[in-house]
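*Asks:* This is the structure I have questions about; it appears just below.
The values are calculated or read from the model by the stated rules, or taken from the named source; none is laboratory data. Note that the structure is predicted; figures quoted are calculated from it, not measured. Note that each Cβ is placed from the backbone with ideal geometry, even for glycine, and that neighbours are counted across all protein chains shown. We work out accessible area using only protein heavy atoms, side chains counted, and drop any ligands, DNA or RNA first. Shrake-Rupley method; radii C 1.70, N 1.55, O 1.52, S 1.80 Å.
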Amino acid sequence: MSSSGYRRSREGPVRHRTLWFWIFVGPFAAGLGLFTYVPLLWSLYLSFFDAHNTVSPTHFIGLGNYTSMLSDGAFTSSLWTFAVFSLFIVPATYVLSLALALMVNRLRFAQSFFRSVFFLPAACSYVVASMIWKLSIFNGVRFGLANTVLGWFGADQTAWLSTTHPPWYWLVIVTLRLWLQAGFYMVLFLAGLQRIAPQLYEAAAVDGARPGWQVFRHITFPQLRATSVAVVLLLVINAFQAFDEFYNLLSDSRGYPPYARPPLVYLYYTALGQGQNLGLGSAGAVILALIIAVVTIVQARWFGLGRTED
Amino acid sequence: MPRSTDMPRRASTPRRDDALVRAGRALRTVLLIALAALFLIPFYLLLRNGLSTEQDITSPAWTFFPAHLQWSNVRELFDDPAVPMARSLLNSALIAVATTLGTVLLASLAGYGLARIPYRHANKVFYAILGTLMVPAAVTFVPSFVLVSTLGWISTLRGLIIPTLFSAFACFIFRQYFLGFPQELEDAAKVDGLGYWRTYWRIVVPNSAPLFAAVGTIVFIGAWNAFLWPLVIGQDKNAWTVQVALSTFTTGQVVNIHELFIAAAVSIVPLLLVFLLLQRHIVAGVERSGIDD
């Protein structure tokens, strides 16, 4: 990656090329700087100030926002919410999308039909999916699909989204995201499966490996390593950014319940809800960004991202 | 991958119990069909509720098929003055189209410059761009909101579109792709006396149509389905996107439930069309996004 930006220079004086480089890259770099780097630095600045309802604060409070954020039970519990959420959603999506890819990949007919069906939910927004889940499948009354089906077996009605013991609301949240994203990761796995050299399977067959579990364990799964690493990394990052479905499933005209509130939802209400505590919200954003960076780096190291070639 | 090599493999595979193989295959097919049905049910429910009467949806004796279909729900939705459906659809369309064109243009130019124009600090610039991928866009929404409100762009199309145009991910994909673009084509253009600018527009862009289509569709889907940013910036009812409008209905207590469902069904029609028409490109684009290389 490091040397690939350079090609043999065949043309023009250096200054000429530099000018053209910036004509091509300049607009994008300037926009990225203005709308990513400036907000980041501004956020860092704001996080050291008492900034209610204002973006040009005067009252410097040092690490005050950070200590109040980290000692705020609601914020730390939002981090736990994320941890629990990713503990459910990452393995579930990984297993389902890999299983779908393996099954679809071996189909001799209607392969593109099944691929489309599983990929189709990606066309749905989290808002629309939340509506279907909240108002049609998992609503707490008899006319919901889940309660109707359970009713056939004589089970009682369950108020899915407001039952915290046992935490049935997790079932709603996890199945929704599973439905929306499994097809996308299935496509990534399908691409990975296409790249496995058929010679490996031939060799395995010659060695007497039984098709099925043995071949999967010793050939397919190890060959999918690079894809698996990328999928898990993306799943964790995406889980960290969960907002849409939590907001749409759980908040209503009366507000948001104190449970199942991941970090972004909490920051949204802190910084932009009543009170508009932008300083505190910024401190939370900085903490969250640091956590995401650490998790990503640790994960990349752990899985050995970058030395996948060996 | 050449598939011809399959033949000797099959021949040399030890014979297994044919009945067992067939049973396994049948089991897999049944499982796939069951899963496909499960994946389609939410779409069916959306349509079912959208075309039902209020009574059919909320009846305690719920049935899979509604008693009768009520197509007039669609007209009712667009006639309801309390629901800014037409306006929010228009906003979403404008935003999605502008975001797609802008992102593809800016990111492809930058990707080409990074890949093909020799410049001493090109790699530093590239890493500065790549570094923003580590910062999830959603985490910067608080300071971005602050910036946009300072610019006076709250509840404007500018505020909804411009900050979203600079996708480091799209730039990365284009750069990776242009690194592998056949050099011979460009060399021929050089011989003909074309500079970077005209080489890009006359040779590179026309020969990269599939990638532009793939990135474009992915950006379009993301822009159409975006929620957090439009929610934060589109505070005024006139600036609502269709996702924000839908969300406002569910979290408030205004609309009839059948109207809500038909609104949601209408909101996914553009994307379903894009999906069905361009599916091949989307899949190819996802596959070649290079995230697992």
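*Asks:* Taking the simple approach of a point 7 Å from Cα along Cα-to-Cβ for both B:Arg198 and A:Val95, what is their distance in nm?
*Replies:* My value for the distance between the label points is 6.1 nm.
*Asks:* Per-residue accessible area for B:His68 at 1.4 Å probe radius, Å² rounded to 10?
*Replies:* 100 Å²
*Asks:* Just to be sure I understand the model, the point goes 7 Å from the Cα along the line to the Cβ. What's the resulting A:Ser77 to B:Ala209 distance in nm?
*Replies:* That separation, rounded to one decimal, is 5.7 nm.
*Asks:* Right, something else. Efficiency by 1/(1 + (r/R0)^6): what FRET value for B:Leu272 and B:His121, r their Cβ-Cβ distance, R0 = 60 Å, to the nearest 0.05?
*Replies:* Working from the Cβ atoms, E equals 0.85.
*Asks:* Please report the spacing between the Cα centers of the stretch B:157-224 and the stretch A:178-226 in Å, no decimals.
*Replies:* About 32 Å separates the Cα centre of the stretch B:157-224 from the one of the stretch A:178-226.
*Asks:* In terms of solvent-accessible area of protein heavy atoms at a 1.4 angstrom probe, what is the ranking of B:Lys237, B:Lys124, B:Lys190, highest value first?
*Replies:* Descending accessible area places them as B:Lys124, B:Lys237, B:Lys190.
*Asks:* At a Cα cut-off below 29 Å, give the lysines reachable from B:Lys190, other chains included and same-chain residues fewer than 8 away excluded.
*Replies:* Cα-Cα hits under 29 Å: B:Lys124.
*Asks:* Please find, in a Gaussian network model of chain B (springs between Cα atoms separated by less than 10 Å), the residue of B:Phe261, B:Phe141, B:Phe64 whose mean-square fluctuation is greatest.
*Replies:* Highest fluctuation among the options: B:Phe64.
*Asks:* Give the whole-number value, in cubic angstrom per residue, of the convex hull volume spanned by the C-alpha atoms of the protein assembly as shown.
*Replies:* Values: hull volume 110.3 nm³, N = 603.
So the per-residue Cα hull volume is 183 Å³.
*Asks:* While we're on this one: Just the projected area, averaged over all directions, of the convex hull on the alpha carbon atoms of the stretch A:46-204: how many nm²?
*Replies:* 16.4 nm²
*Asks:* Can you give me the long-range amide H partners of B:Gln70? Hydrogens built in the peptide plane at 1.01 Å from N, cutoff under 5 Å, separation of 5 or more residues or another chain.
*Replies:* Amide H neighbours of B:Gln70: B:Ser52.
*Asks:* Something else now. Short version: ³J(HN,Hα) in whole Hz for each residue of the stretch B:71-80, in order, from phi by Karplus 6.51 cos²θ - 1.76 cosθ + 1.60 (θ = phi - 60°), x for Gly and Pro, what are they?
*Replies:* For the stretch B:71-80, the Karplus-derived couplings read 5, 5, 4, 4, 5, 4, 4, 6, 8, 6 Hz, x marking Gly and Pro.
*Asks:* Read phi for every residue in the stretch A:222-229 and hand back ³J(HN,Hα) as whole Hz from Karplus 6.51 cos²θ - 1.76 cosθ + 1.60, θ = phi - 60°, with x for Gly and Pro.
*Replies:* Per residue, the Karplus-derived 3J(HN,Hα) values read x, 5, 8, 3, 4, 4, 4, 4 Hz.
*Asks:* Give the cross-link partners of A:Lys134 among the lysines, using a straight C-alpha distance below 28 Å as the criterion and excluding same-chain residues fewer than 8 apart.
*Replies:* Cross-link targets: B:Lys237.
*Asks:* Within 10 Å, count the other beta carbons around each residue, average over each peptide in B:99-110, B:144-155, A:279-290, and list them highest first. List each step's numbers first, then the result.
*Replies:* On the way: B:99-110: 21.9, B:144-155: 18.4, A:279-290: 24.9.
In decreasing order of mean packing, B:99-110, B:144-155, A:279-290 become A:279-290, B:99-110, B:144-155.
*Asks:* Let me know the mean shielding of A:14-21 by other chains, meaning the per-residue number of their Cβ atoms within 10 Å of its Cβ. Let's see the in-between values first.
*Replies:* Details: counts 3, 0, 2, 5, 6, 3, 9, 12.
Per residue, the average neighbour count from other chains is 5.
*Asks:* Shifting gears a bit: As a test of reading the structure, rank A:Thr158, A:Thr76 by solvent-accessible area (1.4 Å probe, protein chains only), most first.
*Replies:* Largest accessible area first, the residues go A:Thr76, A:Thr158.
*Asks:* B:Glu76: net charge of surrounding residues, Cβ under 13 Å, Lys/Arg +1, Asp/Glu -1, itself excluded?
*Replies:* -3
*Asks:* Which translational diffusion coefficient, to the nearest whole µm²/s, is obtained for the stretch B:34-96 from the Stokes-Einstein equation, given a Kirkwood hydrodynamic radius over C-alpha pairs, 20 °C and 1.002 mPa s?
*Replies:* 155 µm²/s
*Asks:* Further, regarding this structure: More than 29 Å apart: what percent of Cα pairs in chain A qualify?
*Replies:* Working: 26625 of 47895 pairs.
Within chain A, distances greater than 29 Å cover 56 percent of Cα pairs.
*Asks:* May I pose another question? Can you tell me which of A:216-225, A:111-120 comes out highest on packing, and rank the rest after it, using the mean Cβ neighbours within 10 Å?
*Replies:* A:111-120, A:216-225
*Asks:* One quarter of the convex hull surface, Cα atoms only: what value does that give for the stretch B:144-293 in nm²?
*Replies:* It is 12.2 nm².
*Asks:* Please report Rg over Rh for chain B, where both radii come from the alpha carbon positions and Rh follows the Kirkwood definition.
*Replies:* My calculation of the ratio gives 1.08.
*Asks:* Using amide H atoms built in the peptide plane, which far-off residues or other-chain residues are under 5 Å from A:Phe49 H to H?
*Replies:* Here A:Ile61 satisfy the definition.
*Asks:* Follow-up. At q = 0.18, 0.19, 0.22, 0.25 Å⁻¹, what log₁₀ I(q)/I(0) does a Debye calculation on the Cα points of the stretch A:63-135 give, no solvent, two decimals?
*Replies:* -0.91, -0.95, -1.05, -1.11
*Asks:* What FRET efficiency would be calculated for the residue pair A:Thr164, A:Val55, taking the C-beta separation as r and a Förster radius of 45 Å, to the nearest 0.05?
*Replies:* 0.75
*Asks:* Cα atoms only, the stretch A:167-310: Rg and Dmax in Å?
*Replies:* Here Rg and the maximum Cα pair distance are 21.0, 70 Å.
*Asks:* For the stretch A:251-307, what D do you get in µm² per second when you plug the Kirkwood radius from alpha-carbon pairs into Stokes-Einstein at 20 °C and 1.002 mPa s?
*Replies:* Diffusion coefficient, whole number: 161 µm²/s.
*Asks:* When the solvent-accessible surface of protein heavy atoms is calculated with a 1.4 angstrom probe, in what order do B:Leu47, B:Leu194 fall, highest first? Could the numbers behind the result be given before it?
*Replies:* Values: B:Leu47 100, B:Leu194 30 Å².
Accessible-area ranking of B:Leu47, B:Leu194, largest first: B:Leu47, B:Leu194.
*Asks:* Could you tell me whether the stretch A:103-156 comes out rounded, prolate or oblate from its Cα gyration tensor? Rule is a ≥ b ≥ c as square roots of the eigenvalues, rounded for a/c under 1.5, then prolate if a/b exceeds b/c, otherwise oblate.
*Replies:* It is oblate, given that a/c is not under 1.5 and a/b is not larger than b/c.
*Asks:* Go through the stretch A:136-141 residue by residue and turn each phi into a ³J(HN,Hα) via Karplus (6.51, -1.76, 1.60, θ = phi - 60°); whole Hz please, and just put x for glycine and proline.
*Replies:* In residue order, the calculated couplings are 10, 8, 10, 7, x, 10 Hz.
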